[in-house]
Amino acid sequence: MPKTAFTDWTALPKVCLHEHIDGGLRPQTLIDLARQRGLKLPHDEPVAVGRWMADNANSGSLVRYLEGFAYTVQAMATEAACERVAFELAEDAREEGCVLGEFRMAPQLFEPFGLSAEAATEALLRGLQRSALPSGLIVCGMRQMAPDATLQAARLAARYQKDGVIGFDLAGPERGFPAAQHRSAIDTALAADLGLTLHAGEADEGHHVIAAGRLGARRIGHGVAVVRQAAGEAPRWSDIAREMGLHFEVCPSSNVHTGAAASIAEHPIAAMVGAGLSVSCSTDNRLMSATTLCGELQALHEQAGLSLQTLADMQAAGMHASFLPAPVRAGALARLQDWKAANGL
Ligand SMILES: [Zn+2]
C-alpha cells in the first residue's frame with residue numbers, strides 16, 4: 001500500500017441507510033420548486049440558499065434548523081416535485097459511489113399543503129425507481145403526532161411494501177415523545193414484516209436505544225448516547241445493544257449540528273466501533289448539513305482518526321443491516337469486496 005493519504009472516497013463502494021428526502025434537495029431544485037409554487041425563499045441563488053441552510057443547521061438553534069424543512073416540505077408538495085427530489089437524491093448518492101441507498105420521508109407532512117400521503121409515497125417511489133441506484137423507501141411517522149396518525153403512517157408503509165417501501169421509522173423530536181407511545185404503529189409495521197428503525201439516543205439518553213430495541217427495532221437512527229453512561233453504571237447500554245444485534249445509523253455532521261456531538265473529532269462513533277457495535281455512516285440531511293457521504297467519511301478519517309479499514313468495515317456492516325432484499329445486499333457486498341481486494345484491505 002502506498003503511504004500517501006487516501007483521497008478517492010468516491011471509489012469506495014458505500015451504503016447510505018439514513019437520509020431524509022426533505023433534507024436532501026439540491027439547492028437549485030429547491031429554488032425551482034419554490035418558484036413554481038410561488039413560495040418566497042430567503043435567497044434566490046443556489047450558493048446562498050445552501051449557505052443559509054447550513055448556517056441555520058449550525059446555529060445551535062433547533063428552531064432555525066427546522067425552518068429549513070418548512071421550506072423544503074412546502075416546495076415538495078406536488079407529485080412531480082416529490083418524484084424529482086427522490087430521483088435526484090438517489091442519483092447524487094450514486095454519483096458519489098453509493099451502491100445501496102435507503103431514503104426516508106414522512107409523507108403525511110405534505111397533507112397540509114394539499115398532497116395526500118398516498119400520492120406522495122407513490123411519487124417518491126417512482127423517483128427512486130427511476131434512478132440506477134438500488135434503493136428503497138422508509139416511511140416515517142412523526143413522534144409529535146398522535147398515535148392514531150403514526151398508525152396511519154405504518155399502515156401506509158405496509159400498503160406500499162410491494163411497491164418498494166422497505167421500512168418504518170419514527171422521526172421528529174425525541175425528548176418528551178417516547179417511541180412506546182406509538183406502539184400500535186410499531187406493531188403494525190412489524191406484523192407487515194417491514195424493517196423497523198427508530199431514531200433514538202440522539203437528543204435523549206442512551207437507555208432509549210435499548211427501549212427502541214425492545215420495541216422491535218433492528219436499527220437505531222444515531223443512537224450516539226448509547227456510549228454515554230456514567231463510569232461503573234451497570235448494565236452497560238452498549239453491551240445490551242451489542243447483544244441485541246442492533247445496528248446504528250450514525251450521521252456525524254448532523255450530530256454536531258444538533259448538538260448530539262461536540263465535533264467530528266470528539267464524535268462518539270469511534271467509541272461505538274470500539275464497543276463492538278455494528279455501525280454505518282450516513283448523511284441525514286445533505287442539504288441542511290451541506291455534506292455528502294464522501295465528505296462524512298473523509299471527515300471521520302481525517303478528524304476522528306478512523307482507519308480506512310474501519311470505514312470499509314462500516315460499509316459492510318451497513319450493507320448487512322440494509323432492509324433491501326438479499327440479492328441487492330449481496331451485490332453491494334461483492335462490489336465492496338472487489339474494492340477491498342484492489343486496495344489491499
Ligand atoms: Zn434522521
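If you run the Gaussian network model on the chain, springs between alpha carbon atoms under 10 Å, then out of E67, E174, E83 the most flexible one is E67. For the chain, a Gaussian network of Cα nodes joined below 10 Å ranks H257, H43, H247 by mean-square fluctuation, and the top entry is H43.
Fewest to most neighbouring Cβ within 10 Å: what's the order for D148, D92?
D148, D92
The calculated FRET efficiency for Q28 paired with A80, based on their beta-carbon distance and R0 = 22 Å, is about 0.90. Over the residues of the chain, the helix contribution to mean residue ellipticity at 222 nm works out to -14000 deg cm²/dmol, using -39500 (n - 2.57) for each DSSP H run of at least 4. Subtracting the Cα-Cα distance of E111 and H320 from 0.36 nm times their residue separation leaves 71.8 nm of extension gain. Length available on full extension from E205 to Q337: 0.36 nm per residue minus the Cα-Cα distance, which gives 43.9 nm. Projecting the Cα atoms of S263, T291, T188 onto the dipole axis of the stretch 167-313, where Lys and Arg carry +1 and Asp and Glu carry -1 at the beta carbon, places T188 farthest toward the positive end. Computed over the alpha carbons of the stretch 95-174, Rg followed by Dmax gives 12.8, 39 Å. Across the chain, Cα pairs under 8 Å and at least six residues apart give a relative contact order of 20 percent. Summary of the geometry: the stretch 163-226 and the stretch 24-42, compared by the centres of their Cα atoms, lie 31 Å apart. In terms of other Cβ atoms within 10 Å, E233, E302 run from fewest to most in the order E233, E302.
By the equivalent-ellipsoid construction on the alpha carbon gyration tensor, the chain comes out with semi-axes of 28, 24, 21 Å, ordered largest to smallest.
Computed about its Cα centre, the charge dipole of the chain is approximately 320 debye, with only Lys, Arg, Asp and Glu carrying charge at their Cβ.
Summarising the label geometry, the points placed 7 Å from Cα in the beta-carbon direction at Q181 and A330 lie 4.4 nm from one another.
Max-minus-min Cα coordinates of the stretch 164-238 on each principal axis give 43, 21, 20 Å, with the largest extent listed first. Assuming 1.002 mPa s and 20 °C, estimate D for the stretch 246-345 with Stokes-Einstein, Rh taken as the Kirkwood radius over Cα pairs, in µm²/s. This corresponds to a translational diffusion coefficient of 152 µm²/s.
Please state the relative contact order of the stretch 1-145 as a whole percent: Cα pairs under 8 Å, 6+ residues apart? Rounded, it is 29 percent for the stretch 1-145. Structure remark: mean-square fluctuation, Gaussian network model of the chain, C-alpha springs under 10 Å; the largest value among A54, A75, A330 belongs to A330.
Please rank S59, S278, S322, S238, fewest neighbouring Cβ atoms within 10 Å first, as an exposure proxy.
Ascending Cβ contact count within 10 Å gives the list S59, S278, S238, S322.
In the stretch 14-342, if the dipole is taken from +1 on Lys/Arg beta carbons and -1 on Asp/Glu beta carbons about the Cα centre, which of A117, L308, G216 is farthest to the positive end? It is G216.
Net charge in the neighbourhood of M142 (other residues with Cβ under 13 Å of its Cβ; Lys, Arg +1, Asp, Glu -1) is -3.
Please work out how much length the chain gains when fully extended from Q298 to K40, using 0.36 nm per residue of separation minus the C-alpha to C-alpha distance, in nm with one decimal.
Answer, rounded to one decimal: 89.4 nm.
Readers should treat all values here as calculations from the given coordinates under stated rules, not as data from a laboratory. The structure presented is a predicted model; accordingly, all values stated were derived computationally and were not measured. In this analysis, Cβ positions are derived from the backbone assuming ideal geometry, glycine residues included, and neighbour counts consider all displayed protein chains.
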